[in-house]
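Undergrad: Shown below is the structure under consideration.
The values are calculated or read from the model by the stated rules, or taken from the named source; none is laboratory data. Please read all numbers here as calculations on a predicted model, not as lab measurements. No Cβ is skipped: glycine too gets one built from the backbone with ideal geometry, and neighbour counts run over all protein chains shown.
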Amino acid sequence: MTTPAESEIRSLVSTYAQAVVTRDGASWQSTWSKDGVWELMGQAPRGRDALLEHWNKLMGGIQFVYQLAGEGKVQIDASGERGTGSFPTVEFAKFGEGPGNLLLGTYHDEYILEDGQWLFAKRRMQIQYMGPSDLSGTPVAG
């Protein structure tokens with residue numbers, strides 16, 4: 001049985017993915033706690049403003065992006081104010097005039113209940129594959 005907290009966190013993950021697809025920076029930024037950390041490809045910006053600045057830089061180089069979040073796992077700790085989870089993620093992107101790109105990975109998350117709302121305290125992307133969408137590239141070990 002899914003708890004209300006788990007449902008809210010699943011909605012948070014969906015909001016995040018939808019904000020990527022629609023390129024809605026304000027909505028994307030609203031999914032983060034005030035001290036949130038986003039670990040992605042060797043970078044780890046912290047805090048809502050730094051996160052949005054980094055996101056805008058990344059999105060600026062992308063002509064098209066579509067992100068799908070799969071069914072993930074969510075666990076709420078005994079305090080009821082923190083949780084962890086992991087969600088498989090598929091992302092299709094086109095950078096400028098170059099070929100399309102496929103990213104297959106898993107977001108490993110930490111959640112916090114902040115001002116009555118579940119938010120990302122930390123998201124770490126573990127990339128399993130990033131390359132041509134025909135999967136002709138080399139999977140990432142690990």
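Undergrad: Between a residue in segment 43-71 that is free of Cβ contacts under 8 Å to residues at least 12 places away in the same chain and over 21 Å from R10 (Cα atoms) and any residue that is among the charged types (D, E, K, R) and surrounded by 11 or more Cβ atoms within 10 Å (Cβ to Cβ), which pairs come within a Cβ distance under 7 Å, given they are 6 or more apart or on different chains?
TA: Pairs found: R46/D35.
Undergrad: Still on this structure: Considering segment 59-81 alone, what residues qualify as being surrounded by 16 or more Cβ atoms within 10 Å (Cβ to Cβ) and either within 16 Å of the chain's Cα centre (by Cα) or under 23 Å from F92 (Cα atoms) (or both)?
TA: Those that are surrounded by 16 or more Cβ atoms within 10 Å (Cβ to Cβ) and either within 16 Å of the chain's Cα centre (by Cα) or under 23 Å from F92 (Cα atoms) (or both): V65, Q67, A69, G72, V74.
Undergrad: Moving to a separate point now. For the structure I just gave you, tell me whether L68 is of a type in the set (A, V, I, L, M) and either out of contact with any strand residue (DSSP E or B) (no Cβ under 9 Å at 6 or more places or on another chain) or in a helix (DSSP H, G or I) (or both).
TA: Answer is no for this residue.
Undergrad: Looking at segment 19-28, can you tell me whether even one residue there is acidic (D, E), modelled with pLDDT of 95 or more and out of contact with any strand residue (DSSP E or B) (no Cβ under 7 Å at 6 or more places or on another chain)?
TA: Yes, segment 19-28 contains at least one residue that is acidic (D, E), modelled with pLDDT of 95 or more and out of contact with any strand residue (DSSP E or B) (no Cβ under 7 Å at 6 or more places or on another chain).
Undergrad: Run S27 past the list (1) in a helix (DSSP H, G or I); (2) in contact (Cβ under 8 Å) with a residue 24 or more places away in the chain; (3) under 14 Å from L119 (Cβ atoms) and report the number of the one that doesn't hold.
TA: So the condition that S27 fails would be (2).
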